[in-house]
Structure formats: structure tokens, C-alpha cells
Amino acid sequence: MKTGTILLAVLLAVACSDQKPEQIDQYSIEQFYGNTRINGGYFSPDETKLLVSSDASGIFNVYEIDIATGEKKQITNSTGDSFFAVSYVPGTGDILYSADEGGNENNHIYLLSADGETTDLTPGEEEKAHFAGWNPDKTAFYYISNKRDARFFDLYKISVDDWQAEMIYQNDDGLDISGISRDENTLALVLTITTSSNQLFLRNRETGETTEISNPEKTGTYSPSGFTNDGSKFYYTTDADKEFTYLVEYDINTGNRETIYETNWDVAYSSLSENEKYRVILINEDARNRVILLDNETGKEIDFPDIPDGDIQSINISDSEENVRLTVGSSKAPSNIYVYNLESESLDKLTETLNPEINPDHLVSAEVVRYQSFDGTDIPAIYYKPHQATENNKVPALVWVHGGPGGQSRTGYFALIQYLVNNGYAILAVNNRGSSGYGKSFYKMDDRDHGGGDLQDCIWGKKWLQDQEYIDSEKIGIIGGSYGGYMTMAAMAFEPDEFKVGVNIFGVTNWLRTLKSIPAYWESGRKALYDELGDPYTEDSVRLYNISPLFHAHQVINPVLVLQGANDPRVLQVESDEIVAAIKENNVPVEYIIFPDEGHGFIKKENEIKGYGQILNFLNTYLK
């Protein structure tokens, strides 16, 4: 080797060993929740406005956005419960919105008239109702409701003339109503068997005949994707005989089937535009969305303009089929709304949701990584490396676990993650075995093994973090919500030496209670849930006891923070009350925050600021 080459190598080595942390601004929790979240985006009948939901007021309210100017007008002024946009009422100045009470998930559909009068169209005290679309001439809309029987959802039609509802399908069989043809003659119905298999049926309302569309010899998931306007064809996605879901066209008259779109990732969604000029296909591609818009006449794909670092979260084509609403997000910014005109090919950005006090260059782009678990299984994960992390400035880290079971961590924006990373915590959001999006074999790998292989995947995620030269290998914690909260507590109780701290956000700690107390309206999926996790009324109760952290809380030795909504119908407050009390008996530091006006997930900014701000304080105290 030449002298100059040796000298260069030495200089590079010195430079690398003397790396300095990148200088960035650090932002407060108030600044991160000074962002604005926006969802929905329904075109007005004349396509000059969009109806959206936004939390600009501190909680979600309904707003209108003028497409030409981008001006946003607040329509509702709730200060208690969040209101979510549903639709304009065609031919009027009225709108529909949805709301529950304090996060109890008993959603009602409300009519807000042009003169400001509000009417609850689904006023049953324990009723849960969901909007299910307009009829073709926009004189009535459909909705499903469990007001007749708390366990089952029936299908109703309500006229805009008198706002009187009529039941058009009574569901006595525990089926999920998943679509209706434009002539109202054919219903798509789903019977859940397990969390990874179901049966799909078409029911003729005129004859009463029910036809199974799924193949009994090819088990898998079958998900309806709509009818053609003339009612002759029906679309569904399935993973029967395949690892990933693909899109199928079924001829109702002949029974013929044709696969019309397939790739090596899940086809997560598909629909036709109002007059069937376009088909939308959404692909769940390695924790990101890939949206395909096809011209049905030519079969050619329509190219959207490039949106840097943009991931299309959802799409809505206007009834004229000229305009497309795009909701676009990234790991470094909350979702924004764009309108794309298919004729002029013009793209207009209508919102700016990131707090202007935050420099997006100081946030972190999500990176998809993979690592091997204890048994050689490849585990996908979403990784966030702090800008300030270097070999000479090692940072603490967290293993993040998504909800579910069966959820998926994705590359979209989450203010809490960016807040923690901005303040110097690396985060590895693991998609442990049992996560969706990576094929049905991977999805089923944790069945009857919760707290087993899935927990080991989290521990081996910790090992991956320890291998990174800029991570402080002695300062790694675990955090998660719902099922992720369960995994957090399972780690703290069953593998107490692995993680230095745990942050449990409304996590299950007693599977026996949780599975016995699931909401009545989960009846259609109860058997499937028991099939995956265990039936608490059988000998499975022994295993469920053994995997419940509450009954092993005496083994917890490291600090824990617990956050809980008092109105949570899925994970009851008593779950968190009891695990906190049990940890206190160990003389282990435990902090507990209860929100009296939240359910399964926190959506009020003041609560997010309080709860998520406390997470950083807790981590700084016990981990950093």
C-alpha cells in the first residue's frame, strides 16, 4: 500500500472515530401536537368543496375545504366528543357526521341541517351504527346497526325525505354485511371462521337464495370489493391457495371466476369509480401503500404526479370521475390532502398539517429493516435512527410493538414516535410473527402462541438494536399499545431481565377477563378470536392464565408506565388498575395515568400532550 493511501486511511479512521452528533432542534410535546390531523375528504355535489375531519380545534370536528382556494371552514364546534365527517346530503346543504361518547365506540350517525339543527338519526342508547353508502339516485343511504340485537348488525335504509329508517336485512346468523348491489337485490355477507379464514356468500333478497362464493376446499380470507353497476359481476380479494391476497372477478350469472390483479404483496383494497371508468387498487407493499389507478376501457395505468416522500394513504374519485382526492402522508409529516384533476393533470395541495415551528429536516425518515429471530425467521421492522446518534454519542432505544393481534407497524407519521426520536431515542417498530401484510403463513405463526415466539421476536429486535454501534446496549426499553401493551407487560413479567423499562398503553394484562368481556357487537368474530387466542370457558383457560402478566406481576423488577382510557370497551380500566397495584407490591417504580374522557386510543390533544409528554419524562428518569 502506498504511503498516501495509508495516510488517507488513518485520517478517515480518525474522522470516523471523532464523529460529532448532528445538530438539530429539539421540540416540545406541545409543538408536536401543534400538528393538525385530517382525515376523510368527501366531495360536495358540485365538487367545489371537500368535507373533512380535523383536530385543529383540539379534538376532531367537521370542516369544509374550498378546493379552489384551500380555505378551511369549521362546520361543527364540539368541545367534548370528537365529530367525524361522513358525507354531504345530496341536493341539500345538510351533512352527516358520526360521533360516540367519550370513546365508548357506540357511534351514532347525526344529521346537521343547513340551519344548524342537529338530529341523532340512530338514537338507541346502546346502539352502534355505521354509514354504508348512498343508493344510486342519492335519495337514501344505508347503514348497519345493532339496535335490534346488541350482538348482530342489521342493514337499514333511511330516506332523506322523512329520515325514517326501514330494515332491509335482518341478520340472525352472526354474519357481517359487507356490500349491497345498486338494485338492492344482492347482499354480500361474510361468516368469520378464524382470524385467517372466513366464508363469503351472496344472498338474493328476491328469492332468498344464498350462494357461497368462497371455496370450502380452499380456505383463506375472502373480502368483498363491490358489484358492477348492472349487478352482473362481483369482486372480492382472497388468499385461497396463495400467500398474498389477490383480486377476483365473479360472474353472478355464470359462476365463472377470473383473477384480475395479483402481485407478491397483499391487494388490500379495490373499488370502481361511480360510472366504472376507473378502478382503484391499493397494495400493502412492505409496510407502505402503493396505489394503482386503472383506466377500465384501455386497461392502462394512470400515472399520478410524483409527491416526494409521499405515501398515498387513501383515495376518493368524485362522481364526475374528473377529480381525485388523495390523502398523502410520510414518516416525517402528518397526512395532507391533495386534489388531482384527471383531465388537466393539475395537482393542488389543500392542507399543511405539520406545525410550522417544526423543521421537517430535523425529523427522521422511517427505514424498513429486517433481522433474524431466535428460530431463523426473518422479522420485518420499521426503524427510526435519531440524527444525534453516533458511535461516540450512543443513544438509548425502544422496541415498539403494534396493536392487534394481527396489526402492522407502517411507515406513516406518528407524532409520538417522532417526538421520542427527536429527543434522542432510537425506535425499532417490530412486525413480529402474527403481523399482517407479510403473507398468511407469517400471519398465523403466533396462533395459540401469544407471549411465546412473538415475544421472542421483540427480544431479538432488542438484540438487533444492541448490534448497532451507536446504541447504548444497556439502555433499551419496550413500548406498545393494546396488544403491544400486552407484549410490553409480557416482556416485563416473563423476561424481566431483558428490558430496562416498559411503557404499557392500554394493554391487556388478564386474557381471561378480556376475552370474557369483549363487546357484544364483536359476536361475529368471537369464535375466531377464541380460536386464535384460546377459549376462556374451556381448558384453554390454563394457558390464558399462564400468559397473562397480571398473574405473574411478582416477577416484574423494572419500572413501568401505564396509560389507560376510562371508557375503553376493549381493555377495561380494571386491567390497568390491577397490574399497577400488583407492581406496586413489588416496590418497583410504576406510574399510572387515567384519562376519564378517552377510550381505546387517545384523540384529544390535551390528553395526548399530558400522556405522551409523561412518557418522555418517564424514559428520561428511568432509561436515559
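List of remarks:
- Residues that are among the aromatic types (Phe, Trp, Tyr) and in contact (Cβ under 8 Å) with a residue 40 or more places away in the chain number at least 3 in none of the strands (runs of 3 or more DSSP E) confined to the stretch 339-449.
Quick grid of which residues meet (1) in contact with a Gly (Cβ under 7 Å, 6 or more places away or on another chain); (2) of a type in the set (S, T, N, Q); (3) farther than 27 Å from Val364 by Cα; (4) assigned to a strand (DSSP E or B):
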{"position": "Lys242", "(1), (2), (3), (4)": "no, no, yes, no"}
{"position": "Glu249", "(1), (2), (3), (4)": "no, no, yes, yes"}
{"position": "Asn253", "(1), (2), (3), (4)": "no, yes, yes, no"}
{"position": "Asn264", "(1), (2), (3), (4)": "no, yes, yes, no"}
{"position": "Tyr269", "(1), (2), (3), (4)": "no, no, yes, yes"}
{"position": "Leu293", "(1), (2), (3), (4)": "no, no, yes, yes"}
{"position": "Asp309", "(1), (2), (3), (4)": "no, no, no, no"}
{"position": "Asn316", "(1), (2), (3), (4)": "yes, yes, yes, yes"}
{"position": "Ser335", "(1), (2), (3), (4)": "yes, yes, no, yes"}
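- Test: residue in the stretch 139-161 that is assigned to a loop (DSSP other than H, G, I, E, B) and on the phi > 0 side of the Ramachandran plot: no
- The listed residue being in contact with a Gly (Cβ under 6 Å, 6 or more places away or on another chain) and under 23 Å from Ile427 (Cα atoms), out of Val560, Val556, Val590: Val560
- Flag not set for Asp94, criterion: under 16 Å from Lys604 (Cα atoms) and either aliphatic (A, V, I, L, M) or crowded, with 16+ Cβ neighbours inside 10 Å (or both).
- Residue in the stretch 450-472 that is within 30 Å of Ala150 (Cβ to Cβ) and of a type outside the set (S, T, N, Q) present: yes
- Test: residue in the stretch 386-404 that is closer than 21 Å to Ile29 by Cα, hydroxyl-bearing (Ser, Thr, Tyr) and at pLDDT 95 or above: no
- Cβ-Cβ under 7 Å pairs, at least 6 apart or on other chains, the stretch 221-238 side over 19 Å from Thr192 (Cα atoms), far side among the hydroxyl-bearing types (Ser, Thr, Tyr): Phe227/Ser181; Phe227/Thr186; Gly231/Ser181; Gly231/Thr186; Lys233/Tyr250; Phe234/Tyr250
For every residue, the table says whether it meets (1) of a type outside the set (A, V, I, L, M); (2) buried (at least 20 other Cβ atoms within 10 Å of the Cβ).
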{"position": "Gly80", "(1), (2)": "yes, no"}
{"position": "Phe83", "(1), (2)": "yes, yes"}
{"position": "Val86", "(1), (2)": "no, yes"}
{"position": "Asn107", "(1), (2)": "yes, no"}
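Matching residues to (1) under 25 Å from Ala188 (Cα atoms); (2) of a type in the set (Ser, Thr, Tyr); (3) in contact (Cβ under 8 Å) with a residue 40 or more places away in the chain:
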| position | (1), (2), (3) |
| --- | --- |
| Ile95 | no, no, yes |
| Leu121 | yes, no, yes |
| Lys147 | yes, no, no |
| Leu155 | yes, no, no |
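- Qualifying residues in the stretch 537-572 (those that are acidic (Asp, Glu) and surrounded by fewer than 19 Cβ atoms within 10 Å (Cβ to Cβ)) - the one farthest from the chain's Cα centre (by Cα): Glu539
- Check on Glu578, touching a helix residue (DSSP H, G or I) at 6+ places or on another chain (Cβ under 7 Å) and either touching a residue at least 40 places away in the same chain (Cβ under 8 Å) or surrounded by 18 or more Cβ atoms within 10 Å (Cβ to Cβ) (or both): yes
- The set of residues from the stretch 162-181 being in a loop (DSSP other than H, G, I, E, B) and hydrophobic (A, V, I, L, M, F, W, C) comprises Trp163, Leu175.
- Within the stretch 302-318, the set of residues being over 11 Å from Tyr278 (Cα atoms) and of a type outside the set (S, T, N, Q) comprises Asp303, Phe304, Pro305, Asp306, Ile307, Pro308, Asp309, Gly310, Asp311, Ile312, Ile315.
- Residue match in the stretch 246-264 (condition: without any contact (Cβ under 8 Å) to a residue 60 or more places away in the chain, surrounded by 15 or more Cβ atoms within 10 Å (Cβ to Cβ) and closer than 22 Å to Leu529 by Cα): no
- Any chance Val324 is at negative phi, more than 22 Å from the chain's Cα centre (by Cα), buried (at least 18 other Cβ atoms within 10 Å of the Cβ) and free of Cβ contacts under 8 Å to residues at least 40 places away in the same chain: yes
- Tally, over the stretch 405-436, of residues that are of a type outside the set (S, T, N, Q), over 17 Å from Pro334 (Cβ atoms) and out of contact with any strand residue (DSSP E or B) (no Cβ under 8 Å at 6 or more places or on another chain): 4
- Close pairs (8 angstrom Cβ cut-off, 6 or more residues apart or separate chains): free of Cβ contacts under 8 Å to residues at least 24 places away in the same chain and closer than 16 Å to Gly310 by Cβ in the stretch 279-295, in a strand (DSSP E or B) and polar (S, T, N, Q) anywhere: Ile283/Asn289
- Within the stretch 441-471, the residues that satisfy the criterion of being crowded, with 19+ Cβ neighbours inside 10 Å, among the charged types (D, E, K, R) and either closer than 18 Å to Ala287 by Cα or out of contact with any helix residue (DSSP H, G or I) (no Cβ under 7 Å at 6 or more places or on another chain) (or both) are Asp457, Lys462.
- Residues in the stretch 162-178 that are of a type outside the set (A, V, I, L, M) and in contact (Cβ under 8 Å) with a residue 40 or more places away in the chain were compared, and the one that is surrounded by the most Cβ atoms within 10 Å (Cβ to Cβ) is Ser178.
- Yes/no for Trp522 being buried (at least 17 other Cβ atoms within 10 Å of the Cβ) and either among the aromatic types (Phe, Trp, Tyr) or under 30 Å from Thr390 (Cβ atoms) (or both): no
- Options Ser181, Ser197; residue that is buried (at least 17 other Cβ atoms within 10 Å of the Cβ), within 30 Å of Asp531 (Cα to Cα) and not basic (Lys, Arg): Ser197
- Selection from the stretch 583-602 of residues that are surrounded by 15 or more Cβ atoms within 10 Å (Cβ to Cβ) and within 13 Å of Asn567 (Cα to Cα): Ile594, Phe595, Asp597, Glu598, Gly599, His600, Gly601, Phe602
- Complete set of residues in the stretch 226-240 that are touching a Gly at 6+ places or on another chain (Cβ under 8 Å) and in a strand (DSSP E or B): Gly226, Phe227, Phe234, Tyr235, Thr238
- Unmet criterion (only one of (1) closer than 21 Å to Ser196 by Cα; (2) outside any helix (DSSP H, G or I)) for Asp472: (1)
- Reported count of residues in the stretch 109-130, each being under 26 Å from the mean Cα position of the chain (by Cα) and surrounded by fewer than 19 Cβ atoms within 10 Å (Cβ to Cβ), is 3.
The values are calculated or read from the model by the stated rules, or taken from the named source; none is laboratory data. This is a predicted model, so every value here is computed, not measured. A quick note on method: Cβ atoms are made from the backbone with ideal geometry, for glycine too, and the neighbour counts reach across all protein chains shown.
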